[in-house]
1. Quickly run through the stretch 1-59 and pick out the residues that are exposed (fewer than 11 other Cβ atoms within 10 Å of the Cβ), within 20 Å of residue 80 (Cβ to Cβ) and of a type in the set (Lys, Arg).
2. Among 88, 107, which is of a type in the set (Ser, Thr, Tyr), within 20 Å of residue 8 (Cβ to Cβ) and at pLDDT 85 or above?
3. Would you say residue 59 is in contact with a His (Cβ under 8 Å, 6 or more places away or on another chain) and modelled with pLDDT under 90?
4. In the stretch 1-48, what count of residues is obtained for those that are charged (D, E, K, R) and more than 20 Å from residue 65 (Cα to Cα)?
5. Considering the stretch 91-104 alone, what residues qualify as being surrounded by 10 or more Cβ atoms within 10 Å (Cβ to Cβ) and either modelled with pLDDT under 90 or touching a Pro at 6+ places or on another chain (Cβ under 9 Å) (or both)?
Amino acid sequence: MHKDGYVTVMDIENFLKENDCSVGLTTIYRHLEKMEKDGIVTKFSVEGQPGACFQYIEQGENQDCFYIKCEECGEVTKMECHHLAELYSHVNADHHFSINPKKTIFYGKCEKCGKCGEKNK
C-alpha cells in the first residue's frame, strides 16, 4: 500500500492480477475491513473516486487528520494542522457538532499545480 497516497479496492485487485495472484474481491474487502478495525488503514471517500479509498496508517500516527485534494492533478494528501484541530474543537464545543475528519476533504490546487503560495502573497 502506498505510504503517502491512497488505494482503492480496484487498485489492489489490479496489482494482484498483474503479479499473478488470484484473489477475489470479497477477500480483499474482508482484509481491508480487518486492517481498518486494527488501525492499520483508514477508509475514506473522495469525490469523483468510485468506491472507498484506503490509506496506510503508520504506527502511532494520528488517524483523525484531514485531507486535501488537488482539483488539478487529483493528488490526495493527509494534512495535520493544529489550526484545523482548533477548528474541529471549536465546532464541537461551541456548535455541538462533531466533524468526521475521515470525510473532511478540502479541495483546491496543490503547490505544483496552482502555485497557490505565490497567489496568496
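The values are calculated or read from the model by the stated rules, or taken from the named source; none is laboratory data. Bear in mind that the values here come from a model prediction, so they are computed numbers and not experimental data. Cβ: placed from backbone, ideal geometry, glycine included. Neighbour counts: every protein chain shown.
1. Correct list: 3 only.
2. Just one listed residue meets the conditions, 107.
3. no
4. Qualifying residue count, the stretch 1-48: 7.
5. 99, 101, 102, 103, 104
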